[in-house]
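Contents: one structure, followed by commentary.
The values are calculated or read from the model by the stated rules, or taken from the named source; none is laboratory data. Since the structure is predicted, the reported quantities are computational estimates derived from the model, not experimental observations. Because the Cβ atoms are built from the backbone with ideal geometry, glycine has one as well, and the counts that use them run over all protein chains shown. These accessible areas exclude ligands, DNA and RNA; they are computed on the full protein's heavy atoms, side chains included. Shrake-Rupley method; radii C 1.70, N 1.55, O 1.52, S 1.80 Å.
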Amino acid sequence: MKLIDFIVCDDIRQEVGGKVTLVGVYEDRIMVNAPSREAIRWPVKLKLGFFLRLLNDGNAPDMDSFELLVTSNKKTICRLSGPLKVKKQLGLMNLFFVNSAVNFPSEGVLSVDLIFK
């Protein structure tokens with residue numbers, strides 16, 4: 001299994017016909033809208049979506065669940081987990097998760113870990 005794309009955005013919508021719409025895609029940083037840096041009142045709550053495109057190349061071990069951990073300054077601020085059904089056929093696979101309540105305690109470095117179980 002190879003990671004092709006990992007995208008963080010504001011929202012993800014599943015369309016009729018199987019297409020996926022990504023709304024508000026972030027680049028290398030998440031900026032909080034405020035008139036100045038001093039005007040930001042921490043913690044800040046943001047809705048975030050995580051979109052992953054994986055290539056099933058036939059080398060992935062069996063897995064039936066996942067855990068997604070988001071940390072800010074080494075403190076976990078979001079934990080998503082659940083069952084996962086991986087198709088046996090080779091090719092691209094999309095996974096996406098939306099969380100409507102990620103509390104950022106302060107300015108800092110964001111890290112994401114995706115664990116397949």
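Based on C-alpha pairs under 8 angstrom that are at least 6 apart in sequence, the chain has a relative contact order of 32 percent. Diffusion coefficient of the chain by Stokes-Einstein, Kirkwood radius over Cα pairs, 25 °C, 0.890 mPa s: 156 µm²/s.
What do you reckon, how do M1, M63 stack up by accessible area (1.4 Å probe), largest on top? Spell out each step's value before the answer.
On the way: M1 55, M63 30 Å².
In descending accessible area the options line up as M1, M63.
Note on the chain: GNM, Cα springs under 10 Å; of D28, D11, D57, the largest mean-square fluctuation is that of D28.
Among the GluC sites (Glu not before Pro) within region 1-70, which fall in a DSSP loop and have no more than 12 other Cβ atoms within 10 Å of their own Cβ? Please report the intermediate quantities before stating the final value.
Numbers: sites: E15, E27, E38, E67; in loops: E15, E27.
Loop-located and lightly packed - E15, E27.
Build a GNM of the chain with springs between Cα atoms under 10 Å apart, and of L90, L80, L55 the one that fluctuates most is L90.
What do you reckon, how do V16, V25, V102, V8 stack up by accessible area (1.4 Å probe), largest on top?
Of V16, V25, V102, V8, the descending order of accessible area is V16, V25, V8, V102.
Summarising the overall dimensions of region 1-68 from its C-alpha atoms, the Rg and Dmax are 16.5, 50 angstrom.
Here the dipole of the chain is about 200 debye; that uses its Cα centre as origin and unit charges on the Cβ of Lys and Arg (positive) and Asp and Glu (negative).
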